[in-house]
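Okay, so here's the structure we're looking at.
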Ligand code: AMP
Ligand code: GLY
């Protein structure tokens, strides 16, 4: 079978790597891909007609969608309407609202009894101001639409909340819809699984590190690293997550006929009152994927097929033992201004057990690898415990070089 993966990050390079291990996979194309992926095809991810034409030409039977935007724009529905045999793995446009609209997804959580923070949606700005006063500004404001992680404002006081609301309206328009929710305290965890619309099979719990600086300080980024599994997320905790979040979500998906066959991501906060769902994503996380796929023993193509067939309940999902750590190397200056086009060296020094998943890279004229984005490379190591996985990863990180490379020194070392 020939496959197309949509996207250009470390997540998509990891997907290419994993699909290439399936014995039934012949060719893997990546649209548009990066300097690490092999068969790159330049097509705009919103141009579904062009993607379809390409798939027909290359005899592609499966399209795996990496990022959320094409899902929210309805790529699954588009291909269904063509009545073609090409299958697109991911939720329908309606189901992708679980990620695409914060208001819709919170109402869904409320309707189906999914554990989450209290929230309010307002008829008027005056009503929102009143709620801000009432909560003393100790709250979270969320823009309703897709915002690449930038539409969430965690506030400590009234002044900050009012400023955030003003910023939200400047960034997303004066009519931008938003909600306000209770601020929660706890550790965040990513629970990611595959679903056929009835059953969900979970991969290892994972955590990402969103902030730029050690100690989870500094500005938010697209992700500075990740690790899995999470040692403190034990069986009783997982049991609560499944009962209070995953199973009610599955009930909702069935009840609403959402026809969700794809990856589902539960972004959770573990609070003193138990797990609370912050958000759904309708896709794999990045950088979580870069540790989750190496930690999955099962064949990815067979797993995807079981989702399409509706036979996921019978699929024997096998996960690897041990721990996996991903350190992201970024270009100096990221997430603000940074250089592109610097040569990366040291790939030949990397040990056999480590993996490199490219993100912001491209190939130069002589086949050399050049930086081409803010988050440049993911280096993934493993070990029998988290400490040895961290050490193994950082040993490899030091071998790769490019001008002004930066990485966090504490990935995997988050105090509990
Ligand atoms: P979201 O896109 O909803 O996951 O929000 C992005 C980030 O904002 C989360 O990863 C949290 O760090 C933070 N956040 C979101 N909702 C809350 C909340 N209710 N309480 C505290 N922090 C939150
Ligand atoms: N790692 C967070 C995300 O992919 O949204």
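Throughout, read-outs are computed from the coordinates displayed, never taken from laboratory work. Just so you know, these numbers come straight off a predicted model, no measurement behind them. With ideal geometry, Cβ positions are generated from the backbone for all residues, glycine too; neighbour counts draw on all protein chains shown.
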Anisotropy class of segment 76-232 from Cα gyration tensor, a/c 1.5 cut: oblate
Calculated [θ] (222 nm, deg cm²/dmol) that DSSP helices of n ≥ 4 give over the chain, each run adding -39,500 (n - 2.57): -8000 deg cm²/dmol
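Which whole number in µm²/s is D for segment 281-416 by Stokes-Einstein, with the Kirkwood Rh taken over Cα pairs at 20 °C and 1.002 mPa s? Intermediate values should be presented prior to the final figure.
Numbers: Rh = 16.5 Å.
Calculated translational D: 130 µm²/s.
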Separation between Cα centres of segment 248-279 and segment 290-342, rounded to whole Å: 20
Solution diffusion estimate, µm²/s, Stokes-Einstein, the chain, Kirkwood Rh from C-alpha pairs, 4 °C, viscosity 1.567 mPa s: 59
Mean Cβ count within 10 Å, highest first, over the residues of peptides 156-166, 134-144: 134-144, 156-166
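If you wrap a convex hull around the Cα atoms of segment 77-146, how much volume per residue is inside, in Å³?
Normalising the Cα hull of segment 77-146 by residue number yields 126 Å³.
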Distance from segment 141-214 to segment 351-400 (C-alpha centre basis), Å: 28
Gyration tensor (Cα) of segment 2-58, equivalent ellipsoid semi-axes in angstrom: 18, 14, 8
5 Å binning of all Cα-Cα separations within segment 1-111, expressed as whole percents from 0 upward: 2, 12, 22, 22, 18, 11, 6, 4, 1
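When only Cα pairs under 8 Å and 6 or more residues apart are kept, what is the percent relative contact order across the chain? Present the calculation step by step, with values, prior to reporting the outcome.
On the way: 940 pairs, mean separation 70.1, N = 416.
Relative contact order of the chain: 17 percent.
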Globularity ratio of segment 375-416, using Cα Rg and 2.2 N^0.38 Å: 1.22
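For segment 203-324, what value does the Rg/Rh ratio take when both radii are computed over Cα atoms and Rh is the Kirkwood radius, given to two decimals? Walk me through the intermediate numbers first.
Numbers: Rg = 15.5 Å, Rh = 16.0 Å.
Taking Rg over the Kirkwood Rh, I get 0.97.
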Packing rank of 203-215, 373-385, 356-368, 312-324, where each peptide gets the mean count of other beta carbons within 10 Å, highest leading: 373-385, 203-215, 356-368, 312-324
At 1.002 mPa s and 20 °C, Stokes diffusion of segment 172-247 via Kirkwood alpha-carbon radius, µm² per second: 141
